[in-house]
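J.: My structure is below; once you've seen it, I'll send some questions.
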Amino acid sequence: MNPDWLAYAPLMLRAAGLTLWLSWLAMLIGAVGGTGVALLRTSRFRLLRLAALVYTEFFRSVPILIVMFFCYFGVPLVFGFDVSSFAAATIALALHASSTMSEVVRAGIESVGRGQWEAAQAAGMDRVQVMRYIVGPQAIRVVLPPSVGVFITTLKESSLASIIGFIELTKTGLLVRESTDGGLVPLLALAALYFIINYAISLVGGRLERRFHIGSRSDLVGAMG
Amino acid sequence: MGYTFTLRTIYPYLGELAHAAALTLELSLLSIALSLIVGAGVAVLRRSRSRLLRALGTAYVEVMRNTPLLVILYIIYFAGPGMGVRLSSFAAAVIGLSLNSAGYMAEILRAGLIAVSTGQFEAADAQGFSRLQTFRYIIFPQVFRTIYAPLGNQIIAVILASSLASAVAVDEVTSWMQTTGSTSFRFFETFVVAAVVYLVLCQLVNLGRLALGRLLFRQGESAR
């Protein structure tokens, strides 16, 4: 007997929406945090530069899953307040995204020649103004295309939220699999849904790259997800 | 809250950690080796003269790069029994990691091949080099130089990704953290210890890459 797979379609689509929301939120926090870390790395103070370097290296050398476990199981034990699986997943994903984004943003800032800083300062601009009017607009060209790659990575990594019990797309697929006869169809549907979403995003990324005339999509360290 | 960080509480579990770390290492090494082989095959497909084979290679890379590893692991883990094959969780994890990593390896190797211009094949041919000699003395050294840095990154990516094997019941380091944490209620300590294991593995790869790079490519040339 074949279950009526189509009856599960609305459920899966809604779950896909949750996956997108989770990844988008994590990416947003990661991008803001990553920019902060990148600014620290270009700071004048050695201690701040070092702290930013340690932060980036740590989250790039540690699997996101153990960070997620710590946020979900460890934080309540250590700090005494409960963390929802959604919050734990968002934080872990955002921490990881921020470490890769900090490298992306740093490359963007460094792509703007030193002479421009000096010229802007000679014209009487302060550091914030230079960032806002001179460096920022040029850096964004370099930052945007690889950010699409980071977003795709984050989206794939968001499937790990299913392991700590947040019912997003992957968990929904597993639940559908259990409630039907345990076949492969729900899992293949999962793979197809993720593929369609990510492929569509990567097409947009490709257009951005062509528009800005820079290298192809770069998956950074730890990007397998 | 009165949580005090005391590593002593997890001393009894360190024996299991040694096993877990060995399993993480074994899993990573096997997957890296297998994905290099599969990836090389896919890279060759992508440079084939036949359009169909090229499309096949491209499709493989795109599917692997746009689908979560966790979903691929589940498919392989659950597909076994359905097809009458009993895969151990370790075997399922190795296959899943290798197939996924091969998608990235293929791209790395392809970039290496593209970096060598066709003129060099012709020049070597004109010099009377055999195909094997051309590969050994002309092509390989250049390809190796191009792929060296991204290959290191991919090795680190596989080590980190091997943590997902815990989801299909392989008792590696992440699984150790999870089970030890929930039996001893010492999640902070187990997290720190597991993080240190991964940090050490990744930094060893980094240092090895730097040292080997310095040895192979003489200083001043770009191979981070």
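The values are calculated or read from the model by the stated rules, or taken from the named source; none is laboratory data. Quantities reported herein were computed from a predicted structural model and do not represent experimental measurements. Neighbour counts run over all protein chains shown; Cβ positions are idealised from the backbone, glycine included. Accessible surface areas use protein heavy atoms only, side chains included; no ligands, DNA or RNA. Shrake-Rupley method; radii C 1.70, N 1.55, O 1.52, S 1.80 Å.
J.: So, for chain A, what is the accessible surface per residue at a probe of 1.4 Å, expressed in square angstrom?
T.: Averaged over the residues of chain A, the accessible area is 47 Å².
J.: Still on this model: From the residues B:V116, B:L69, A:F45, which one has its Cα farthest along the dipole of the protein assembly as shown in the positive direction, the dipole being from +1 and -1 charges on Cβ of Lys/Arg and Asp/Glu about the Cα centre?
T.: B:V116
J.: I want to check the label-to-label distance for B:I114 and A:A119. Put each point 7 Å from Cα in the C-beta direction and report it in nm to one decimal.
T.: Each label point is offset 7 Å from its Cα along the Cβ direction, giving 3.2 nm.
J.: Related question: How big is the charge dipole of the protein assembly as shown about its Cα centre, in debye rounded to the nearest 20, if each Lys and Arg gets +1 on its Cβ and each Asp and Glu gets -1 on its Cβ?
T.: 1380
J.: How large is ³J(HN,Hα) for each residue in region B:138-153, as worked out from phi by the Karplus curve 6.51 cos²θ - 1.76 cosθ + 1.60 (θ = phi - 60°), to whole Hz, x for Gly and Pro?
T.: 9, 6, 3, x, 6, 4, 4, 4, 6, 8, 3, 5, x, 4, x, 4
J.: Now for a different question. Got a sec to turn the phi values of region A:8-19 into Karplus ³J(HN,Hα) couplings, 6.51 cos²θ - 1.76 cosθ + 1.60 with θ = phi - 60°, whole Hz, x for Gly and Pro?
T.: Those phi angles translate into 8, 4, x, 4, 5, 5, 5, 5, 4, x, 5, 4 Hz.
J.: Determine how large the accessible area of B:I147 is when every protein chain is in place; take a 1.4 Å probe and give Å² rounded to the nearest 10.
T.: So the heavy atoms of B:I147 present about 10 Å² to solvent.
J.: Let me ask something else. Mind running the shape call on the protein assembly as shown? Use the C-alpha gyration tensor, a ≥ b ≥ c as the square roots of the eigenvalues: rounded below 1.5 for a/c, prolate if a/b tops b/c, oblate otherwise.
T.: rounded
J.: Suppose every K and R has +1 on its Cβ and every D and E has -1 on its Cβ; what is the size of the dipole of chain A about the Cα centre, in Debye to the nearest 20?
T.: The dipole of chain A has a size of about 840 debye.
J.: Starting from region B:104-182, pick out the trypsin sites (Lys or Arg not before Pro) whose DSSP state is loop and whose Cβ has at most 10 other Cβ atoms within 10 Å.
T.: Sparse-neighbourhood loop trypsin sites (Lys or Arg not before Pro): none present.
J.: While we're here: B:T6 versus A:R132, label points 7 Å from Cα toward the beta carbon: distance in nm?
T.: With each label point 7 Å from Cα toward Cβ, the separation is 5.4 nm.
J.: Additional query: Estimate for me the total accessible surface buried between chains B and A (protein heavy atoms, probe 1.4 Å, no ligands or nucleic acids), in Å² to the nearest 100.
T.: That pair hides around 3700 Å² of surface in total.
J.: Does region A:1-109 come out rounded, prolate or oblate, given a ≥ b ≥ c as the square roots of the eigenvalues of its C-alpha gyration tensor, rounded meaning a/c under 1.5 and, failing that, prolate meaning a/b above b/c?
T.: Cα axes put region A:1-109 in the prolate bin.
J.: How far is the Cα center of region A:82-130 from the Cα center of region B:51-96, in Å?
T.: First find each Cα centre; the distance between them is then 36 Å.
J.: Taking the Cα centre of the protein assembly as shown as the origin and placing charges on Cβ (Lys, Arg +1; Asp, Glu -1), which of B:A106, A:F70, A:G30 is farthest toward the positive end of the dipole?
T.: B:A106
J.: Sticking with this structure for a sec: Within region A:52-140, which chymotrypsin sites (Phe, Trp or Tyr not before Pro) sit in a loop by DSSP and count at most 13 neighbouring Cβ atoms inside 10 Å?
T.: The qualifying sites are A:F81.
J.: Any chance you could check region A:152-176 for residues losing 20 Å² or more of accessible area when the partner protein chains are in, compared with the chain on its own (1.4 Å probe)?
T.: With the partner chains in place, region A:152-176 has these residues losing at least 20 Å²: A:K156, A:S159, A:L160, A:I163, A:T170, A:L174.
J.: Averaged per residue, what accessible area in Å² does chain B show with a 1.4 Å probe, protein chains only?
T.: 52
J.: So what are the ³J(HN,Hα) numbers for region B:184-199, from phi and the Karplus equation (6.51, -1.76, 1.60; θ = phi - 60°), rounded to whole Hz, Gly and Pro as x?
T.: Couplings: 9, 6, 10, 5, 5, 5, 5, 4, 4, 5, 4, 4, 5, 4, 5, 4 Hz.
J.: Okay, moving on. Return the whole-Å distance between the Cα centroid of region B:1-40 and the Cα centroid of region B:165-205.
T.: Between the Cα centre of region B:1-40 and that of region B:165-205, the gap is 6 Å.
J.: For B:W176, A:W5, A:W21, write out the residues from largest to smallest accessible area, computed with a 1.4 angstrom probe and no ligands counted.
T.: Heavy-atom accessible area, descending, gives A:W21, A:W5, B:W176.
J.: Moving on. Expressed as a whole percentage, what fraction of the accessible surface of region A:43-103 belongs to carbon and sulfur atoms when a 1.4 Å probe is rolled over the protein heavy atoms?
T.: With neighbouring chains kept in place, the figure for region A:43-103 is 70 percent.
J.: Which of the GluC sites (Glu not before Pro) found in region B:117-224 are in a DSSP loop and have at most 10 neighbouring Cβ atoms, other than their own, within 10 Å?
T.: B:E221
J.: Between rounded, prolate and oblate, where does region A:12-212 land on the alpha carbon gyration tensor, with a ≥ b ≥ c its root eigenvalues, rounded for a/c under 1.5, else prolate if a/b exceeds b/c?
T.: Verdict is oblate for region A:12-212.
J.: Once you have the alpha carbon radius of gyration of region B:30-222, what is it after dividing by 2.2 N^0.38 Å, with N set to its residue count?
T.: Ratio of Cα Rg to 2.2 N^0.38 Å: 1.24.
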